[in-house]
Amino acid sequence: MDTLELLAHPVRLRIVHALRGGHVLTTGQLCARIPDTSKAMVYRHVDLLAANGILEVAEERRVRGAVERRYRLRQDRTVIDADALAALSRDDHRRVFATSMAVLVAEFDAYLDHENADPVADLISYRQHAVWLTRGELEKMIGELRRVILPLLANEPAPDRTQHLLSPIFFPIEQLPAGSVPGTDDGGPSTS
């Protein structure tokens, strides 16, 4: 199973989110982080992610006669390469996007279900902006965001740090007909 197929599943993607940022968790701890999913399903998906090298066993110990495993995410194995993205059909993109949105909703619901959730104090943001960009401006903006975000991905857990889910999404919205944009030809009579 390829990386994209492994990650394009809501439960597996939530497991990956739970283990990001250096977390090392048991399957039982993952079940607690994803309480709206059955334990059997979490165990099944942890096994699948481990068998395919996305997760690795960080530690094993005996607990009441059974072996308890603590898993860590192999960050290098969660990268989707450009060739795999280029090979996706429109329906594949639709499916992956829908999975991403379903996971985002599930993660937000899980946050709100916590007793101490405080969206205002926690600086929750879900803004959307429609901006006009040339291809070069879009590439520059993405590069700047990467420049800011990538170093932060290396942050280790600390008492004064809270893990946040950041989900940048970029896609062009419906193109307006000619003439709807100032400075474009509207096809009407010329005054010159």
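The values are calculated or read from the model by the stated rules, or taken from the named source; none is laboratory data. As the structure is a computational prediction, the values presented were derived from the model and not from experiment. Reconstructed Cβ throughout: ideal geometry from the backbone, glycine too, with neighbour counts over all protein chains shown. The accessibility values were calculated without ligands, DNA or RNA, using every heavy atom of the protein model including side chains. Shrake-Rupley method; radii C 1.70, N 1.55, O 1.52, S 1.80 Å.
The table that follows gives values for the structure above.
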item	result
Asp122 paired with Leu152, simple spin-label distance in nm, labels 7 Å along Cα-to-beta-carbon	1.6 nm
Theoretical gain in end-to-end length, Val24 to Val131 [0.36 nm per residue, Cα-Cα removed]	34.6 nm
Cα centroid separation - the stretch 111-182 against the stretch 49-86, whole Å	27 Å
Pairwise FRET efficiency - His164 versus Tyr43, Cβ, R0 = 30 Å, nearest 0.05	0.65
Computed over the stretch 43-102: relative contact order in percent, which uses C-alpha pairs under 8 Å that are six or more apart	23 percent
Protection proxy ranking, peptides 40-49, 159-168, average beta carbon neighbours within 10 Å, highest first	40-49, 159-168
Protein accessible area in the stretch 1-138, 1.4 Å probe - carbon and sulfur %	52 percent
Heavy-atom accessible area per residue - the chain, 1.4 Å, Å²	75 Å²
Helical mean residue ellipticity (222 nm; -39500 (n - 2.57) per DSSP H run of 4+; nearest 500) of the chain	-13000 deg cm²/dmol
